[in-house]
Each structure stands twice: as structure tokens, then as C-alpha cells.
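Structure record follows, encoded as C-alpha cells.
The values are calculated or read from the model by the stated rules, or taken from the named source; none is laboratory data. Bear in mind that the values here come from a model prediction, so they are computed numbers and not experimental data. Here Cβ is always computed from backbone atoms with ideal geometry, including for glycine, and neighbour counts include all displayed protein chains. Side chains are part of the model used for accessible areas, which takes the heavy atoms of the whole protein and leaves out ligands, DNA and RNA. Shrake-Rupley method; radii C 1.70, N 1.55, O 1.52, S 1.80 Å.
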Amino acid sequence: MKKLIQIFGMLMAAVLIGLITQISPVQAAHNGYRIKVLKTYQTDDGAANAYHAKPNTKAYVYSKYFGGSEDKVFNLKNFQKKLYKLSKYRSTTWFVQQKVRVYHKLKQGTYYWVRNLTAGKQGYVKTSALQKGFSPYGYQIISKKYGVKNRGDFYIKNKSQNVYMWDWTHTKKRLNLKDYPGMTWGCSHVATVRHHGVDTQYYYLGGYLRGNGKYVSGYVYSGNVTEGTNHDYAGQSIVYPNEFSNSSNYLHYIQTGHYQKLARQIVKLFPNTPVDLGLSKIAAYNYAADDEGVLWYEDKETVSTKGYSDIISLKSVNNYLYKHKTASNATKLAGLKKELVKAGYPASKRASLSGYKLGIYIVNNIPDKYGAVIQDGGYGHASVFALILGKKDASSTN
């Protein structure tokens, strides 16, 4: 009898070994679970892979072992932890990455490895707990279009209207574009968003906020913005030279800009010398005394002087202003006049200048959180002082 029991035990072991062999290859065992991949989906966020929770489901999304450093820190393994109760995420659309067969203690089941749109939440869930399609609740991003045709610059259409920038779930307001009326926002892609069965177009916009350098991005309803460059710079602290379209547009900024008081006073010192945008770009990029990196996203390099001649550098003036960047405007202006006299440009000569244009670009010790990181080691202000004279060629189109 004992011998029969031993033979039976050996037969059962052989059967189990045979079963294990049949289901291989499988992923390495973690926490006693063996996983065989049945199908891998090539696109991870398309409509073909979109699923959402069935009503009244009691299922959970379980942990998936990736083998990364975070898994090791938290000792996270396959199915070791219940990550999310599916019923609490009824407005979440889950995108299937893989279909797998799971074996554990002689039991088996079919699961999907899923994740949400941002891959911020992911794990294993029973296939029977999901139904195909985007969630009918909340706001759902149905599709996203990238490429040159779906990029560009935009600005707020109605500056007196609240226009919110949303996160991808359309549940959190990241900012109100109304508070940044002079901003030009860059678009990286266009999204179709479904809400209550209605599809609407949204732009994914982003930009560095003037004055603190913080980068903010999110989804904005397309009907609230206009494509193009924003020429309303009211209240904006730093506007870069290449953002202006012409000399008239730039002069208006100097005349009305909140932080352009010193620039306005300097322009008055040259009563017969018009401000020229092209020459001002040359001044900013070729002759400025500035904090290194203030024009950081413009990839500051010297620019061509084509179209201009007889360029007169007022380097001593620029250097004086930069050296005294924390001084009052009155102190700066008084010192600037003295430097102009030393350079051979007293008031009488400035008034008699003929045929010259003025190149000027002033960032007058403006609070700038981003600049504090890369410029002054925490000083927290940005400064650029650029002033030159030059003649514009008759054939120039600048």
C-alpha cells in the first residue's frame, strides 16, 4: 500500500511538471505568480485599446513588477499589492498594454496590463472587470495629433474672459490665461476631447511665465485662443527681441511697458534718432552688457548686421548701466549722460544726429525667478543693457 502511494505521488509530480512545461515560456516568477503573455498591443493609447470599468465592479488593479529601482525600494512584485479599486476610477479610461494568463497555486486567470493616459497609474486587472471603449464619464481625450500642422503659437482671444488651462482629466485648473494677457503660448499637439458625447478640440499649450520663469502647460479649449504672436505686452516683465514684429510694435512696447521706464527716458535723450527693431536686436545680441543667460531660450549668439552700416557701439554706457544695475533710475540716467559725454555724444550732438537709428534693449533689474537659478546664483533679478547707433541701408527690408 505504501508503495502504491509513492507511485501515485510520483505520477502527480510528473503531471504538474508537464503542465508547467506546457505554459512556458512565462515571465520570471515573482511572489509566486507566473505570467504568460498572450498578446502585446502596439499602440498604447488608441481607441482600439481603450477600456473602462464595468458598473458595480469590485475588482482591483494589482501591482506589476517592472524590475526598476522603485520596485526594489518598495519590494513591489506582481500582484503583491492592490493599487486601485476600479470602481473609484469610473471616469478613467484604461489603455491595454498586454493580455496575459496568470498562474498561481494551481489557479489561473486572464488579466490585462493597463495604464491610464499619462501612465501615472498602471497594473493588472481582470479582463472580466473591463468593458471596451472610452469611459462615458468626465472628459476623455479621444485622440491626439502631433506634427508640424498641429503646432504653432496662440494667445488669448478675449482678455477680459476667464480662460482656463486644464490638466489632462479636465478636473484641475492649472492657471487662468486671463492673468497673463501678453503671453504667447506654444502648442505641441491638438486633442479631441469628449464630454457627454460631444467632441471638442483642445490645444495643449505651454510657456514660461514672465517674471518667475515657471513653465506651465495644459489643455485649453481651442475656441478661446487665436493663432499667432501676441502683441499685447501690457504688464509683461521680459519680452524677448524676436517676439516683436516691427519697429512700430517694439516702440509701442517701450512707450507702454510696465518695466520700460528707463528705456523711455533713454529714448528721449535721442530726440531725432528713431528706435529701430533690427538695430535693437543687433544691440541685444552683439553689444549688450547682461547677466549670462537672460536671453536663454533665444540661444543667444551674435546676429547678422546685414542691412546696417556705421554701427557705433556705446559699450561704456552699457557697462556703466550694468555695473550699477541695482541703482535707482535717476542714478542710472545721470551716470549714463556722463558716459555719453565721455563717448563724444553730449546733448547738442545727440540732437543734431541725422540719418541714424537707435538700437536699444533694456531689461532693468527685473525680478526673474528663472534667472535667479542660472544667472546670479540666487540674486533673483535679470538685467540687460544694450544701446547702439547705426544707419539703415536704403535697400534694407528689416
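See the values below:
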{"item": "Any hit, the range 311-318, residues being open to solvent by 30 Å² or more (accessible area, probe 1.4 Å) and under 35 Å from the mean Cα position of the chain (by Cα)", "result": "no"}
{"item": "Every pair of residues 6+ apart whose Cβ atoms lie under 8 Å, when the first sits in the range 124-152 and is under 23 Å from Val100 (Cβ atoms) and without any contact (Cβ under 8 Å) to a residue 60 or more places away in the chain while the second is surrounded by 15 or more Cβ atoms within 10 Å (Cβ to Cβ) and aromatic (Phe, Trp, Tyr)", "result": "Thr127/Tyr111; Thr127/Tyr112"}
{"item": "2 or more residues of a type in the set (D, E, K, R), open to solvent by 30 Å² or more (accessible area, probe 1.4 Å) and free of Cβ contacts under 8 Å to residues at least 60 places away in the same chain: qualifying strands (runs of 3 or more DSSP E) within the range 154-222", "result": "173-176"}
{"item": "Residues located in the range 321-344, provided they are among the charged types (D, E, K, R) and open to solvent by 70 Å² or more (accessible area, probe 1.4 Å)", "result": "Lys323, Lys337, Lys338, Lys342"}
{"item": "Residues satisfying the stated conditions in the range 56-80, i.e. modelled with pLDDT of 75 or more and over 16 Å from Gly120 (Cβ atoms)", "result": "Asn56, Thr57, Lys58, Ala59, Tyr60, Tyr62, Tyr65, Gly67, Lys77, Asn78, Phe79, Gln80"}
{"item": "Out of Ile254, Ile238, sole residue that is touching an Asp or Glu at 6+ places or on another chain (Cβ under 7 Å) and open to solvent by less than 10 Å² (accessible area, probe 1.4 Å)", "result": "Ile238"}
{"item": "The range 327-356: number of residues that are assigned to a loop (DSSP other than H, G, I, E, B) and free of Cβ contacts under 8 Å to residues at least 40 places away in the same chain", "result": "7"}
{"item": "Any hit, the range 43-55, residues being in a loop (DSSP other than H, G, I, E, B), closer than 17 Å to Arg101 by Cβ and either at pLDDT 90 or above or not small (Gly, Ala, Ser) (or both)", "result": "no"}
{"item": "Within the range 356-380, considering residues that are among the small types (Gly, Ala, Ser) and either modelled with pLDDT of 95 or more or open to solvent by less than 30 Å² (accessible area, probe 1.4 Å) (or both), the one farthest from the chain's Cα centre (by Cα)", "result": "Gly359"}
{"item": "The range 128-144, residues that are open to solvent by 40 Å² or more (accessible area, probe 1.4 Å) and either at pLDDT 95 or above or under 24 Å from Ala59 (Cβ atoms) (or both)", "result": "Ser128, Gln131, Lys132, Pro136, Tyr137, Tyr139"}
{"item": "Filter result for Ser248 (small (Gly, Ala, Ser), open to solvent by 10 Å² or more (accessible area, probe 1.4 Å) and modelled with pLDDT under 95)", "result": "yes"}
{"item": "All positions within the range 80-114 that are over 29 Å from the mean Cα position of the chain (by Cα), surrounded by fewer than 21 Cβ atoms within 10 Å (Cβ to Cβ) and part of a helix (DSSP H, G or I)", "result": "Ser87, Lys88"}
